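Report on the structure given below.
The values are calculated or read from the model by the stated rules, or taken from the named source; none is laboratory data. All of these numbers come straight from a predicted model, not from anything done at the bench. Neighbour counts run over all protein chains shown; Cβ positions are idealised from the backbone, glycine included. Quick note on the areas: whole protein, heavy atoms, side chains included, nothing else; ligands and nucleic acids left out. Shrake-Rupley method; radii C 1.70, N 1.55, O 1.52, S 1.80 Å.
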Amino acid sequence: MVDIAERVHNHKWKIDPIVRSLIDTDFYKLLMCQSVFRNRPDTQVTFSLINRATHIPLADLVDEGELREQLDHIRSLSLSRGESTWMRGNMFYGKRQMFNPAFMDWFDKLRLPPYHLERVGDQYELTFEGSWPEVMLWEIPALAVIMELRSRAVLHKMEKFELQVLYARAMTKLWEKVENLREVPDLRIADFGTRRRHSFLWQDWCVRAMHEGLGEKFVGTSNCLIAKNRDLEAIGTNAHELPMVYAALAQSDAELARAPYDVLSDWHEEHEGNLRIILPDTYGTEGFLKNAPEWLAGWTGIRVDSGDPAKGAEMAIEWWKARGEDPSQKLIIFSDGLNEEKIVQLQTQFSGRVRVSFGWGTHLTNDFRGLVPNDALAPFSMVCKPVSADGRPTVKLSDNPKKAMGPASEIARYKRVFDVGAQQEFDVIV
């Protein structure tokens, strides 16, 4: 087993880069990338890093030179023969050749496009511009780099013995969670923690701990490289990025109202079974379900990713019932701000009423809260989102208005088009 403290103490980026593969990313990014490659390959998109926790002065903590070295290293990466073979030949969600030859031929040749990095006050402005299939693959590695460089800045001040004790405490903390979750009946849980992980090595350790400690209750990881290396299931479906860009491209209010369903229509043509999971909250879950076409009720399940998770699940159950579907045969995936207590609570509340699964993120792969002075390793909320498509601004409303993004005038327009009324604010939990 890797001695993480030893590696942290001795690390140099050139022999231990933060992102070491183009498939050190979430599985849903690759699925979405193939969909975009097929349906909207020429769309020009801009992604931008957004630090929601402005009290964290990233530009003071993270050295610009080191950040550029890591980003430049990512631009040098390409698929290895083994990675390409894994994607082409492995079985995902019960299906072989999930990734078609045309997409794989393109991906085999891909190098990520240039980035723009500028210091603005105590923050970084980091943006990526270009064709949608290329630019979208910057999101996860960019977040992983920033998160790990921030961790390294804190750890750099610690001596070897301190590091050994820190990781021993963090391991104990996680293992206690695993032992508690082991007792939860019918639990199904996956690692969703790539984007805000403490480090790659720590995520890999967490995945192995979950696999050993939970057995069949641990259903896989969203991280493709770890899934490949550890012979685990790669887990993931789709994300807010798709409706955000489709909506931005709409030429009228009527087209805007249809955009979230156009996304899923394209997805429906490509995927079946457990890949047919609805993510309804981009422009408000209630309005999305109210206006959804009947064929969507036949999909496998729904992912609840903002707002009150119990309320979102109840809304989905009532929607299925109203459309003649049996909720007990449907799947609800909870994936927002989950801690151990919330997982147990939601499993208890909905077990037997629906099929329940969890995508566990930051509280799995970056829970160093309370382990160093001033809580300097506590995770924080940072995203990398599309901010424009073909020159038009993107918008996200969410079921939590604190997660909303986009120009104020466009947010107001989207709220009108999608009939979003008063919303309750929730703290953004990471």
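Based on the Cβ-Cβ distance of E314 and K160, what FRET efficiency does E = 1/(1 + (r/R0)^6) give at R0 = 60 Å, to the nearest 0.05? Could the numbers behind the result be given before it?
Details: r = 51 Å, r/R0 = 0.85.
Efficiency, from the Cβ-Cβ distance: 0.75.
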Mind checking the full-extension length gain between L249 and R392? Use 0.36 nm per residue of separation minus the Cα-Cα distance, one decimal, nm. 50.8 nm
List, in order, the whole-Hz ³J(HN,Hα) value for each residue of the range 145-161 obtained from phi through the Karplus relation with A = 6.51, B = -1.76, C = 1.60 and θ = phi - 60°; use x for Gly and Pro. 5, 4, 4, 6, 5, 5, 4, 4, 4, 6, 5, 4, 7, 9, 7, 4, 5
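State the dimensionless ratio Rg/Rh of the chain (Rg: radius of gyration of Cα atoms; Rh: Kirkwood radius). Don't skip to the end; give the middle numbers.
Details: Rg = 20.8 Å, Rh = 22.2 Å.
Value, to two decimals: 0.94.
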Which order do the peptides 35-44, 417-426 come out in when sorted by mean C-beta neighbours inside 10 angstrom, highest first? 35-44, 417-426
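Based on the alpha-carbon gyration tensor of the range 103-236, what equivalent-ellipsoid semi-axes (square roots of 5 times the eigenvalues) come out, in whole Å, largest first? Before the final figure, lay out the partial values.
Numbers: eigenvalues 184, 112, 28 Å².
The three semi-axes for the range 103-236 are 30, 24, 12 Å.
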Considering amide H positions built from the backbone, and no H for Pro or chain starts, which residues 5 or more places from S398, or on another chain, come under 5 Å of its amide H? Y283, G284
Using label points projected 7 Å from each Cα along Cα→Cβ, tell me how many nm separate K290 and L110, to one decimal. 3.8 nm
Heavy-atom accessible area order for Y28, Y414, largest first, 1.4 Å probe: Y28, Y414
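Can you tell me the length gained on complete extension of the stretch E272 to E6, counting 0.36 nm per residue apart and subtracting the Cα distance? It would help to have the intermediate numbers written out before the result.
Values: separation 266, 0.36 × 266 = 95.76 nm, distance 4.47 nm.
Stretched fully, the E272-E6 segment lengthens by 91.3 nm.
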Under a 5 Å amide H to amide H cut-off, with H placed in plane at 1.01 Å, what residues pair with G220 once short-range neighbours are removed? D191
Per-residue accessible area for H271 at 1.4 Å probe radius, Å² rounded to 10? 10 Å²
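Averaged across orientations, what area in nm² does the convex hull of the alpha carbons in the range 106-152 project?
4.0 nm²
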D42 versus R75: modelled label distance in nm, points set 7 Å from Cα along the beta carbon direction: 2.6 nm
Spin-label point model (7 Å from Cα, Cβ direction): what's the R416 to R169 distance in nm? 5.4 nm
Give me the extension gain from S409 to K95: residue separation times 0.36 nm, minus the current Cα-Cα distance, reported in nm with one decimal. 108.7 nm
Which of K290, K228, K29 is most accessible, then next, and so on - probe 1.4 Å: K290, K228, K29
For the range 192-323, what does the equivalent ellipsoid look like in terms of its semi-axes, each the square root of 5 times an eigenvalue of the Cα gyration tensor, given largest first in whole Å? 31, 17, 14
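Taking a 1.4 Å probe, which of W295, W360 shows the most accessible area, and what order do the others take after it? Walk me through the intermediate numbers first.
On the way: W295 100, W360 0 Å².
My answer, sorted largest first, is W295, W360.
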